[in-house]
Every structure is written in structure tokens, then in C-alpha cells.
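Trainee: Please read through the structure below; I'll follow up with questions.
The values are calculated or read from the model by the stated rules, or taken from the named source; none is laboratory data. From a predicted model like this one, the values you see are computed outputs, not experimental measurements. Note that we place each Cβ from the backbone using ideal geometry, even for glycine, and neighbour counts take in every protein chain shown. These area figures cover heavy atoms from the full protein model, side chains too; ligands, DNA and RNA do not enter into them. Shrake-Rupley method; radii C 1.70, N 1.55, O 1.52, S 1.80 Å.
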Amino acid sequence: MIIRSPYPDVTIPEIPLPELILRQTERLADKPALIDGPSGRTLTYGQFGAGVRQVAAGLAARGFGRGQVFGIYCPNVPEYALAFHGVVLSGGTNTTVNPLYTVPELVKQLNDCKARFLLTVPMFLENALAAAQETDVEEVFVLGEGEGATSFQELMRSGPLPEVEYDVRNDLVVLPYSSGTTGTPKGVMLTHFNLVANILQFQDLEPTGEADTLIGILPFFHIYGMTVIMNAALSNGATIVTLPRFDLEQFLKTLQDYRITRAHVVPPIVLALAKHPLVSQFDLSSLRTIMSGAAPLGEELSRECAQRLNVLMKQGYGMTELSPVSHVTPDEPEKVVYGSAGVALPNTECKIVDVSSGEAQEVGARGELCIRGPQVMAGYLNNPEATAETIDADGWLHTGDIAEVDAQGYFRIVDRVKELIKYKGFQVAPAELEALLVSHSEVADAAVVPYSDEEAGEVPRAFVVRQAGSSVTEEELLAFVAEQVAPYKKVRRLEFTDQIPKSASGKILRRVLRDQP
């Protein structure tokens, strides 16, 4: 049984992304487009449009264009959007990198996508320069000044705009990295058509308009922040107030002082808004809608947050491989179903299949959620095997998530087939941590599984088999991992065991470990 959206399909034009993003820059030239929350520094739509063109011209002068990759290794600041869309206007492709990545993690991503340039901020410049030495990166740009790097302002010196002939179905806008349903991070190939389609698909159900001010707290390197906040807002004339990191008091003060109307968040932030006493010290009366995504949000917590703040509290579903949105709760109070991820977007087909047989299920039955539509990625970079495992011959993307759908077409995510751990909405691949643990000379075997945590959703929990005669401690192994990964990937719990349970084929029986208290 194929389930379609209750909403009619939308027309998706065959246009490059810049045509959609820059369409408001002249008409709204004096309106704030991006505001740096901590400082108040503002880019108007006119300045945004001009800046994007300057970046594109500066890149063209360096011979950068179609088929080449530009890395962005920055927290959320207004210049993020300038760089991202300047790259796209030049015909090039972005790869967006978590600014908390260590040098080895950064090197791995930059080498995989063969990035030519890299942009960062002074705080992360040391890592950027170190990574550049081990990659094909020719030049590192920095917002501001920093020894060993070129100022971003120098890149923005005006010159002629490049003439680019886009192939919107095949040219890549961005290569965010995702672990997919299993394994280590892979470059997700998202085209102009993918991103234009997704913005237009959700704009009526998750409407953002010129009267809206959004808070840019979700990182722009992550597809949720990139598409649902940065790109959707800019294409529709809204204002975005950026914050480089999450601090609850600063977040609440920004909601209050900038009169934020729509907040896109993840479940740990909803938890704070629903329960933290600090919330009552701020005037959040401008806030009309809170949208949660990246991980499932329970019915009771949704209801508690909605009632405390007197807002429309809704939820959506997606994944990097879907550009990212496939489902969202409509923007009407009477259509909110707490605990549900909402309905399928226009132009989107869904089916729920039996995990064992692959047979399509009827309404009410649980199974793996599969999705087909214009937002489905072109594939994984340099990895046709992983692409074939995720997208079948009929174009269905297998999400790895267990879902059920009711008679009204509302979907609920209930479990995961895949093994990813969702820490505060960020993906943590167990295979990556297991490989790291096993690389320690005193570790014989290891398995990593999710462990429920009220604040983070899930945290990585490791089971480790020591080498014979080893006396390595929990603290030593936790520190060993922490030194080599971003903070959100750190193992938070570690237990020693005599044996890792495995199937006859050698696959770790994670459910056995997950069920341990």
C-alpha cells in the first residue's frame, strides 16, 4: 500500500538553487536577512545578495567552479549563508563540516570529497590549518584575521560574476556527511533539484514568511538547519537570528529580545522549554510555533511544552538523504497530533514494509518506512554499494526507521532498524566508535549501543572486552575516545564484559546489549 500526502502536489521548477534563494534580495533590500544574535551585526537582504555575488566572483577569479568542493568549518554566523550561496552561485559544491570535528575527522571528510578550499573562524583555525596539510586543500579562508589563512574579506573583493550553465538534476549543491542507515559517515549528494523541491514541498505546511523572525540555533552544517532554517527563510524573505552555540539563557534572551516568531529545535531543547525554571524569567510571547525534528519527540513532552508556552508545538521527520524533509505536521492547531511526525509532504510517496519479507503493510501495521520523491538524494559520494543498499531499483529510499501510519495519514516513528545513536539530534555511528576502541592495544573487542538519556535522547554506551592480562580502566578508554572525536560522539558509559554477543555471521547482536539494564 502506497501512502501519499493529503495535500496536492506542488510544481517544482527546473531552476538552480540561487534563483530561489536570491529572489527576495532586491525587493527586500533594506530588510534584515541575517542577524548575529550575540552582537546584533546585521546583513540586509541587499547586502546578502551583493555578498553572495562577491563570493562567487572571488571564487571564479581563483578558477573555482563546477565539480569543485568548498569546505565550510564554521559555527552559525551570518557569513555562513554568504559563503554557502556564493559557492553555489559559482557553480561549485559545498561540504559542510561540524566545527567540533577533530583534525582526523576533518581530514577524512575533506579527503573523501577532495575539497579545494576551506573556510573557518579564528577559534578553529589551528585545526583547519593542520587538516589542510594532510589534504588537497589549497587555501584556508578565515572570517576575520588569522595567521596562515586568507581573510574572507579578501575573497569578497569584487570582480566579474561567472557565467554558469547548471545541470540542476545532476550538479551538486552540497555534500553533507551522514552515516545513513549503518556504517561510517558518507557524503550525501544533494542536487539543485533536490533542494529546490524540498523547500517548495514543505513551504505550505511549514510556512515561513516575511513577517517571521527565526532563531538559527540548529547548526547550518546539519541538513535540518541548512534547509529548514537557512534556505527556506532566505527564499521567503524572513529574518534569521544566528547563535553560534546553544546556551539556554542566551537562547531564551534571544527569543525574547529579537521577538522570535518560529523556533526550529530538537527534543533536548523542547525538554528545557517544558521543564527548566529559567524559562519563566523571559517574555516569550512573540513565539507562535515550535517545530521539533532530528529525533522522535514524545506525546507528553510535546503537550507540556505547548501548554507552558502557549504555542503551536509540532513535529516533522526526515533525514539527510531526503534533503531532509519527508513528513511534517501542518501549521494548523486542529491538525496537530502530539507524538506524530505528521503527514507526508506533497510529491512524496511512502510505504511501510515488513522488515523480513519486504512486503508492503496496511494502515496500522509497523514496518520499515520507505520514501520516494524528488527530495531523495542522488546517492552517496564514491559509494555505489551503500547507495544501492539504501535506494532500491524502484527508487524507494529505505530509511531504516520503523514507523506506523493511521487512517488519517499521520506517521509515528516507533523504533529503528538501523544502528545509529541520536545524541541531541546528531548522528553517532556505533561502527566508528567500535573501530576506534578496537584500535586500542588493550582492547580485544567492543560494541557500542544507544542508552536512553532524558536530556540527550540517547548516549553512546560501550561494552568492551579487554585483551588477556590487560588492566586498562574505564577512565583511560573514555579519555582515549574523547581525544579523537567530536564531543557529541564521546562514549558516555563503558562496561567491561567477557564476550560480545554475535550472530552466526559475526554481526553484533545489539538488541541483546541494548536490553541490558
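Trainee: Report, ordered by the first and then the second residue, all pairs with beta carbons closer than 8 Å, sequence separation of six or more or different chains, a first member in the range 256-274 that is touching a residue at least 40 places away in the same chain (Cβ under 8 Å), and a second member that is among the aromatic types (Phe, Trp, Tyr) and open to solvent by less than 10 Å² (accessible area, probe 1.4 Å).
Mentor: Matching pairs, first to second residue: ILE269/PHE251.
Trainee: Go through PRO268, PRO277 for me and flag whichever is farther than 26 Å from ASN236 by Cβ, open to solvent by 10 Å² or more (accessible area, probe 1.4 Å) and at pLDDT below 90.
Mentor: The conditions single out PRO268.
Trainee: Go through the range 297-317 residue by residue and tally those that are modelled with pLDDT of 95 or more and either within 29 Å of LYS186 (Cα to Cα) or of a type in the set (Gly, Ala, Ser) (or both).
Mentor: 4
Trainee: So GLN256 clears everything in (1) of a type in the set (S, T, N, Q); (2) over 25 Å from the mean Cα position of the chain (by Cα); (3) open to solvent by less than 20 Å² (accessible area, probe 1.4 Å) except one condition, right? Which one?
Mentor: (3)
Condition check ((1) modelled with pLDDT under 95; (2) of a type outside the set (S, T, N, Q); (3) part of a loop (DSSP other than H, G, I, E, B); (4) loosely packed, with under 15 Cβ neighbours inside 10 Å) across all residues:
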{"position": "ASP415", "(1), (2), (3), (4)": "yes, yes, no, yes"}
{"position": "GLU434", "(1), (2), (3), (4)": "yes, yes, no, no"}
{"position": "ALA446", "(1), (2), (3), (4)": "yes, yes, no, no"}
{"position": "PRO450", "(1), (2), (3), (4)": "yes, yes, no, no"}
{"position": "VAL465", "(1), (2), (3), (4)": "yes, yes, no, no"}
{"position": "ALA468", "(1), (2), (3), (4)": "yes, yes, yes, yes"}
{"position": "GLU476", "(1), (2), (3), (4)": "no, yes, no, yes"}
{"position": "VAL491", "(1), (2), (3), (4)": "no, yes, yes, no"}
{"position": "SER505", "(1), (2), (3), (4)": "yes, no, yes, yes"}
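Trainee: I need the full set of residues from the range 280-291 which are among the polar types (S, T, N, Q) and open to solvent by 70 Å² or more (accessible area, probe 1.4 Å), in order please.
Mentor: Residues satisfying the conditions are SER280, GLN281, SER285.
Trainee: Suppose the filter is within 18 Å of THR320 (Cβ to Cβ) and in a helix (DSSP H, G or I); does TYR101 pass it?
Mentor: Judged against the criteria, TYR101 is not a match.
Yes/no per residue for (1) hydroxyl-bearing (Ser, Thr, Tyr); (2) open to solvent by 60 Å² or more (accessible area, probe 1.4 Å); (3) over 25 Å from the mean Cα position of the chain (by Cα):
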position	(1), (2), (3)
ASN347	no, no, no
GLU362	no, yes, yes
VAL376	no, no, no
ALA388	no, yes, no
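Trainee: Let me ask something else about it. Given the criterion in contact with a strand residue (DSSP E or B) (Cβ under 9 Å, 6 or more places away or on another chain), modelled with pLDDT of 95 or more and surrounded by 21 or more Cβ atoms within 10 Å (Cβ to Cβ), identify the matching residue among ALA263, ALA294.
Mentor: When all the criteria are applied, what remains is ALA263.
Trainee: Just give me the residues in the range 379-435 being in contact with a Phe, Trp or Tyr (Cβ under 8 Å, 6 or more places away or on another chain) and of a type outside the set (D, E, K, R), in sequence order.
Mentor: Those that are in contact with a Phe, Trp or Tyr (Cβ under 8 Å, 6 or more places away or on another chain) and of a type outside the set (D, E, K, R): ALA386, THR387, THR390, ALA403, VAL405, PHE411, ILE413, TYR423, GLY425, PHE426, VAL428.
Trainee: Does ILE290 count as farther than 30 Å from THR399 by Cα, among the β-branched types (Val, Ile, Thr) and touching a residue at least 12 places away in the same chain (Cβ under 8 Å)?
Mentor: no
Trainee: Still on this structure, I have one more. Which of the residues spanning the range 369-386 are among the aliphatic types (A, V, I, L, M) and either within 12 Å of MET189 (Cα to Cα) or in a loop (DSSP other than H, G, I, E, B) (or both)?
Mentor: Listed by number, the residues that qualify are VAL376, MET377, ALA378, LEU381.
Trainee: Here's a check for you: in the range 199-232, which residue that is polar (S, T, N, Q) and open to solvent by 10 Å² or more (accessible area, probe 1.4 Å) is farthest from PRO346 (Cα to Cα)?
Mentor: THR213
Trainee: Now, a different point. Condition check: more than 24 Å from the chain's Cα centre (by Cα), over 21 Å from PHE411 (Cα atoms) and in contact (Cβ under 8 Å) with a residue 12 or more places away in the chain. Does ASP354 satisfy that?
Mentor: For ASP354, the condition - more than 24 Å from the chain's Cα centre (by Cα), over 21 Å from PHE411 (Cα atoms) and in contact (Cβ under 8 Å) with a residue 12 or more places away in the chain - is not met.
Trainee: Within the bounds of the range 302-323, is there any residue that is in contact (Cβ under 8 Å) with a residue 40 or more places away in the chain and surrounded by fewer than 21 Cβ atoms within 10 Å (Cβ to Cβ)?
Mentor: The answer is no, given that none of the residues of the range 302-323 is in contact (Cβ under 8 Å) with a residue 40 or more places away in the chain and surrounded by fewer than 21 Cβ atoms within 10 Å (Cβ to Cβ).
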